[in-house]
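Okay, structure first, notes after.
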Amino acid sequence: MTATLVDMGPHGRHADKDADFSAYMAARQPALYRTAYLLAGDHASAEDLLQNAFAKLYLSWDKIRDHGALDGYVRRVMVNENNSLWRRAWKRREHSTDTMPETGAVDTYDDGMGGALWSYVQTLPPKQRSVIVLRYYEQLSEAEIADVLGISVGTVKSQASRALAGLRARAPRSLNPHESGDAS
Amino acid sequence: MNTPLEDQVHDALHRRADPIQHAPLSVTDVRHRARRIQRRRAAVAGVAVAAVLAIAIPVGLSATGPGQRSDVPPATRTSSPSPVPTVTSGTVTVDPDSADVVEQAPVPLLDVDGPTLVTADGTFDLPHDFSTITPYLDGWAGVGVYDEADKSGDYIELLGPDLRVDDEGSPTGGLVVRPDGGRIAWSEYDGTRWRVVVADPAGGSEPVSTTFQPSSLDEKVIPLGFVSDDTVAVRAMYDSGDPKTFVAGGDQPVEVPGLLQADAASAGVIAGSTEIGPDGTCFGVVDAVAGGDPGWTTCDHRLGPFSATGTYVVGTSTEAEYGSPDITVLDAATGEEVLTFEAALPKRTVGGFWTQMTWVGDEAIVARISIGNEDPQMMLLGLDGSVQRIGVAASGVSGLTVAVPS
């Protein structure tokens, strides 16, 4: 009887890695792209953020034992990159004439409030915006956001509070706490 | 339970993003990007070769300034291109009152109380006080100094061509400029960790960011100077008392052993303290890659900054309390003293040179001197022994300082 355990060698492991990574990308790219888009605010920057995060994931693939944590890894890389001052400056310059269609802009069910709020979210400082996207789009808990951002839960709370106060201050009168029941 | 505003934010984000069914990237795209990242990592490991080859950084090249859209001229670092500078020896007394006056500074200055940026092309208002400011992309990069209720310490800020702040900024450990102006580097803190960014001010290539291990804001990473074309030496203040020296310019910082605390850097070398003994602190210069034992040491001078090509390094007093009473120019390769500029301090008068100064190529130093209660003055000190006072008037008692320290 011959042994059934086959050593695939480095080449075989490489092929496995690529197949696994490819399957993960195919399954998760659309959802992670949406997060990248909300973080970055335009398609070119979102694509760049996601490509960078996937590339770092690819390089670390063999070291990440918990494949349930892959989305968290990608989110963490995207958020940290997006919060970096140099990347914002570089992208601002690189994409100053970006004319890619913003496919998410058309919302036939929007009464105007959604579009207005989105434009206010885009004006938030990057760290506050990250908290807002992770909290209200990804619906992560404060503890999960703290883990992604590498900050304390208290800082997550204060960033979220500041972001909401900023949105409230800039948003139309209908979002005024006295009119929307948001005074608490 | 969410408030109505939170519900509206939730709905707005979903309405915006949910229709997007976009998967623009292929595995090939990602592999290409991964290879680029790997190449950068490898580049840092190869700094040894680069640092040796880059010993001679050309001087006399004009720095790349901000874009042509700006009415504000670039704060170019003018380096005199004289091929064989005359160098004298001995001790030269620096007395602002008797020195010849030169009307223009060869380097940009900051008028602290303005606050304004003073260049050969004019004086320009700044939105607040800066310790360093230099051209970047179509505008400027600067280190803002804040002392406000909600913001204190140093912040790296990017300004537009009109010198208005474009971005909210991040805490920083400083900003350094390669002597030919072809690269700048700064550190920034993102709330979790420090990173060092090496960028081409002309925007010809994408900035390279080196991320450090997670640490607190207080564990600052301080850029010291370029050790090769694209890599910069930094001091990381881990545990706020155990500084380490790294070279940054790729994805991973590379630690350089040998110094207790790095203070300055130039092509291929880093200067700093090597020993703290009962009689004082000693300083030396180590290889920027291998580190290890310094080629030479001195217990008479604190070292830095280096001249543009790294030929000379400044030595100041190791125990300066009100400024260094003298500036000694040392041969960076041997530690041999070349020339000393001594402040003309009357007896029982405190004062001296600020240690924040700028080299003009390898030929001169622009430094600030304070003598007693007199207003501080900016001096141009030539290695040929010339001493000139820069006759630019300051708007207040805080005086002038160099806009881009070496």
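Magnitude of the charge dipole for the range A:30-76, about its Cα centre and with charges confined to Cβ atoms of Lys, Arg (+1) and Asp, Glu (-1), is about 200 debye.
Counting only other residues whose beta carbon sits under 9 Å from that of B:Met378, what net charge do I get with K and R as +1, D and E as -1?
Numbers: positive: B:Arg368, B:Arg389; negative: none.
For residues surrounding B:Met378, the net value is +2.
The residues packed around B:Gly315, meaning those with a beta-carbon under 10 Å from its beta-carbon, carry a net charge of -2 if Lys and Arg are +1 and Asp and Glu are -1. Neighbouring Cβ atoms from other chains, within 10 Å of the Cβ of residues in B:190-199, number 5 on average. Taking other residues whose beta carbon is less than 9 angstrom from the beta carbon of B:Ala394, and scoring Lys, Arg as +1 and Asp, Glu as -1, yields -3.
When the dipole is taken about the Cα centre of the range B:282-406, and only Lys, Arg (+1) and Asp, Glu (-1) are charged at their Cβ, what size is it in debye, to the nearest 20?
Details: 5 positive and 15 negative charges, 104 e Å.
It comes to approximately 500 debye.
Rounded to the nearest 0.05, what FRET efficiency do A:Arg170 and A:Ser141 have when you use their Cβ-Cβ distance and R0 = 30 Å?
Numbers: r = 27 Å, r/R0 = 0.88.
That pair, A:Arg170 with A:Ser141, gives E of 0.70.
Per-residue mean of foreign Cβ neighbours for A:116-124 is 3 (Cβ atoms of other chains, 10 Å radius). In this label model, B:Thr281 and A:Ala15 are separated by 6.0 nm, measuring between points 7 Å along each Cα→Cβ vector.
Provide a whole-number value for the mean count of partner chain Cβ atoms within 10 Å of the Cβ atoms in peptide B:203-209.
Values: counts 4, 0, 0, 4, 5, 1, 7.
What the average comes to for B:203-209 is 3.
Any read-out appearing in this document is the output of simple, stated calculations on the displayed coordinates, not a laboratory observation. Every value quoted in this text rests on a predicted model; they were computed, and no experiment measured them. Here the Cβ is made from the backbone with ideal geometry for all residues, glycine too, and neighbour counts use every protein chain on show.
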